[in-house]
Structures are given as structure tokens and as C-alpha cells.
Amino acid sequence: GENVEQHPSTLSVQEGDSAVIKCTYSDSASNYFPWYKQELGKGPQLIIDIRSNVGEKKDQRIAVTLNKTAKHFSLHITETQPEDSAVYFCAAIWTNDYKLSFGAGTTVTVRA
Amino acid sequence: NAGVMQNPRHLVRRRGQEARLRCSPMKGHSHVYWYRQLPEEGLKFMVYLQKENIIDESGMPKERFSAEFPKEGPSILRIQQVVRGDSAAYFCASSPGARAETQYFGPGTRLLVL
């Protein structure tokens, strides 16, 4: 199965600064890369995703970049706000598969 | 437009009892996935079902665990003779199709085994 590594495990940023989370994957045939945000006591919420035929995707303050050659993808959050504090998970799905393989998660804390 | 629903949200069982977790997918979704999240860890795939069929149960322990998705009604994840190691959050997700379709998650059931 797919192996996904996520760094850092914790990230503390000042409100207004940017946050970047990086993930690497092992299977070059992976073609779908979603990012989920999980708040305490809740289920993972999809915040952005990217497919392997695209290098970058942006949605307001959130962007994801994908480097297929290096097999890594990153989440960028700009102008962070206290409500961005949560655990963020990257995931990947291998081509023709359906199982999400998750990273271990990054706990993001935005300091006011 | 209701999302994925799971119940109960919290479940307490004593060792040896049975736990039944229910999941209703989003309207129009016929694919259901179950994942388990241990404390301080990411989610791990357990089982993938379509209506009346188990497609892949490779992530589910061979003993004590079973899953179903009947023609009518919610998907059920059943854990027999629970042990303390079964304590975790169990999440259900659904998608309209398979093969790299976006999966939408429910709020989860937090199982505590005493």
C-alpha cells in the first residue's frame, strides 16, 4: 500500500503568518491528494485536493502544490487566523485504488 | 443537504460486549469506507463496501470485526467481544463512485472500552 509521511508533526505560527505542511508519498502511481482539517471531537473535513495532472491549486487562503518528480505535495495557508488551529492530514490514493492512505497529521496552533 | 451521519457519537462498552456502529452515507452515495483512528495517530483504512457487497476488507482484523451495507438502511461496523485495544474513533466516509473519488467523512463514533 501507499506510504505517506507528513512533516512537521506540530506547527505554531503567529496570527497573520503563513503555515506550510509537507508530505511525501512512496507510490509514483498515486494520482489523488486530498487535505483534511480535523477539529477536536469532529470528523476530517476536506479543505482542498489536487490530482496528478495539476501542479498547483488555490482556494482563497489555502493552496496545494504537487511535485510528481520528487513525490511530494504541500499545503500552504496564508494570513493564518485563530480558527485555522486544528490537526491537518494529507492523504493519497494510488491510481485505480480507493483507499486513502493518511499522513500522521500536523497540529497547527495559530497564536493570537 | 445532510452529510455523512454516524451514530452513536460516543459508545462505552465493557470488555467482552459487542459494539455496533452505524453510518448513513451522503444522499446519492453508494460507496462507504470505514477508517479507525487511534489516539494521536492518523486514520487507517479498514473496509470498503458498496450496497450489499464487501469490496475490500484488507484493513479489518480477521476476528471479531465485521461490516455490512444492506440494500436498505445504514452501513454497520460490528465489533464482537471488545477489548481495550479497540478503543478508538471510528470514522465512516462515503463517495458517489470509487477510484480516486473524493471521500466525505462523518463525525465519527468514539468507542471507549472499559
> Does B:Glu72 meet the test of being under 18 Å from B:Val4 (Cβ atoms) and open to solvent by 40 Å² or more (accessible area, probe 1.4 Å)?
Replying inline: yes
> What residue, of A:Lys37, A:Lys57, is open to solvent by less than 70 Å² (accessible area, probe 1.4 Å), under 30 Å from B:Pro25 (Cβ atoms) and either at pLDDT 90 or above or not in a loop (DSSP other than H, G, I, E, B) (or both)?
Replying inline: A:Lys37
> Only one residue in A:Asn31, A:Asn53, A:Asn3, A:Asn96 is within 13 Å of another protein chain (Cβ to nearest Cβ) and at positive phi, so which one is that?
Replying inline: A:Asn96
> Mind checking which residues of region B:76-107 are without any contact (Cβ under 8 Å) to a residue 60 or more places away in the chain and touching a Leu at 6+ places or on another chain (Cβ under 6 Å)?
Replying inline: B:Leu77, B:Ser87, B:Ala88
> How about region B:19-114: which strands (runs of 3 or more DSSP E) wholly inside it have at least 1 residues that are in contact with a helix residue (DSSP H, G or I) (Cβ under 8 Å, 6 or more places away or on another chain)?
Replying inline: B:19-24, B:75-79, B:109-113
> When you go through (1) crowded, with 21+ Cβ neighbours inside 10 Å; (2) within 14 Å of chain B (Cβ to nearest Cβ) one by one for A:Thr107, which number turns out not to apply?
Replying inline: (1)
>> Just to be sure I understand the filter: pairs with C-beta atoms under 9 Å, separated by 6 or more residues or on different chains, first member in region B:19-31 and over 15 Å from B:Gln50 (Cβ atoms) and modelled with pLDDT under 95, second member open to solvent by 40 Å² or more (accessible area, probe 1.4 Å) and polar (S, T, N, Q). Which pairs pass?
In response: B:Lys27/B:Asn1
>> Is it the case, given these coordinates, that A:Gly43 is more than 14 Å from the chain's Cα centre (by Cα), crowded, with 21+ Cβ neighbours inside 10 Å and on the phi < 0 side of the Ramachandran plot?
In response: yes
>> Criterion first (surrounded by 22 or more Cβ atoms within 10 Å (Cβ to Cβ) and more than 8 Å from chain B (Cβ to nearest Cβ)) does A:Leu75 satisfy it?
In response: yes
>> Looking at A:Asp97, A:Asp27, A:Asp17, can you tell me which residue is surrounded by 20 or more Cβ atoms within 10 Å (Cβ to Cβ) and either outside any strand (DSSP E or B) or over 12 Å from the mean Cα position of the chain (by Cα) (or both)?
In response: A:Asp97
>> Being among the charged types (D, E, K, R) and assigned to a loop (DSSP other than H, G, I, E, B) is the filter here; which residues of region A:40-54 pass it?
In response: A:Lys42
> Scanning region B:90-103 for residues that are within 9 Å of chain A (Cβ to nearest Cβ) and crowded, with 20+ Cβ neighbours inside 10 Å, which turns out nearest to A:Ser52 (Cα to Cα)?
Replying inline: B:Ala100
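The values are calculated or read from the model by the stated rules, or taken from the named source; none is laboratory data. Just so you know, these numbers come straight off a predicted model, no measurement behind them. We place every Cβ from the backbone using ideal geometry, glycine too, and count neighbours over all the protein chains shown. Note: accessible area is taken over every heavy atom of the protein model, side chains too, but ligands, DNA and RNA are not part of it. Shrake-Rupley method; radii C 1.70, N 1.55, O 1.52, S 1.80 Å.
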